[in-house]
Amino acid sequence: MNKPYKVVAKAIIFHENQVLILRKSEEERSIKDTHGWDFPGGSLEPNELLMDGLVRELVEEVGLQVKVIAPAYVYDEIQEEKHLVIVKFACDQPEGDLVLSSEHEQFNWISLDRLHESEIPEWMKDEIRRAYRIYMEFRN
């Protein structure tokens, strides 16, 4: 059976040797049975271009505009009801006032020097390290 595609665009945002991490609201964590840590971004609307969706989601979720440096991580997962494709971008130069949507209850700017001490999952730390290497290579 063919499953519909769902494309998600996420931003791994760097600023002054820190990276932005979000904590999903308790309601979001219980609905989706998730660990709760997140990068800002979300699902594309029908007929929406990838970069347009990323910009829209960032404004909706955190009220920020960013400079997109490069794609940092792409993966897909076939779920029961859909084929999920996630593209994560290395970003910097956040502008605006950081204001969380109701989907999230907390944000943290985690120092890259202290990333190893953070309570976020190891897979997120790995994605941040990968995105940072790409960020450092392509940011100029």
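The values are calculated or read from the model by the stated rules, or taken from the named source; none is laboratory data. Quantities reported herein were computed from a predicted structural model and do not represent experimental measurements. Cβ sites come from the backbone with ideal geometry, for glycine too, and all protein chains shown count toward neighbours.
Could you look through region 1-23, keep only residues that are under 20 Å from Glu81 (Cβ atoms) and not in a strand (DSSP E or B), and pick out the one that is farthest from the chain's Cα centre (by Cα)?
Restricting to residues being under 20 Å from Glu81 (Cβ atoms) and not in a strand (DSSP E or B), the top hit is Met1.
With the structure loaded, tell me whether Val68 is part of a strand (DSSP E or B), closer than 23 Å to Trp109 by Cα and without any contact (Cβ under 8 Å) to a residue 60 or more places away in the chain or whether it fails that test.
So Val68 fits the description; yes.
I need every pair where a residue in region 112-135 that is within 20 Å of Val74 (Cα to Cα) has its Cβ under 6 Å from the Cβ of a residue that is assigned to a helix (DSSP H, G or I), sequence separation at least 6 or different chains.
Between residues of region 112-135 that are within 20 Å of Val74 (Cα to Cα) and residues that are assigned to a helix (DSSP H, G or I), the close pairs are Lys125/Leu115.
Within region 92-132, can you find the residues that are out of contact with any Phe, Trp or Tyr (no Cβ under 7 Å at 6 or more places or on another chain) and assigned to a strand (DSSP E or B)?
If the condition is that a residue be out of contact with any Phe, Trp or Tyr (no Cβ under 7 Å at 6 or more places or on another chain) and assigned to a strand (DSSP E or B), then Gln93, Pro94, Glu95, His104, Glu105, Gln106, Phe107, Asn108, Trp109, Ile110, Ser111 are the ones that fit.
Looking at Tyr5, is it surrounded by fewer than 12 Cβ atoms within 10 Å (Cβ to Cβ), modelled with pLDDT under 95, closer than 20 Å to Ile134 by Cβ and not basic (Lys, Arg)?
No: the conditions fail for Tyr5.
Which one of these is under 13 Å from the mean Cα position of the chain (by Cα), free of Cβ contacts under 8 Å to residues at least 40 places away in the same chain and on the phi > 0 side of the Ramachandran plot: Gly36, Gly63, Gly41?
Gly36
Name every residue in region 44-58 that is in contact (Cβ under 8 Å) with a residue 12 or more places away in the chain and out of contact with any helix residue (DSSP H, G or I) (no Cβ under 8 Å at 6 or more places or on another chain), in order of residue number.
Leu50, Met51, Gly53, Leu54, Glu57, Leu58
Taking region 109-139 as the region of interest, how many residues are in contact with a strand residue (DSSP E or B) (Cβ under 6 Å, 6 or more places away or on another chain) and among the acidic types (Asp, Glu)?
1
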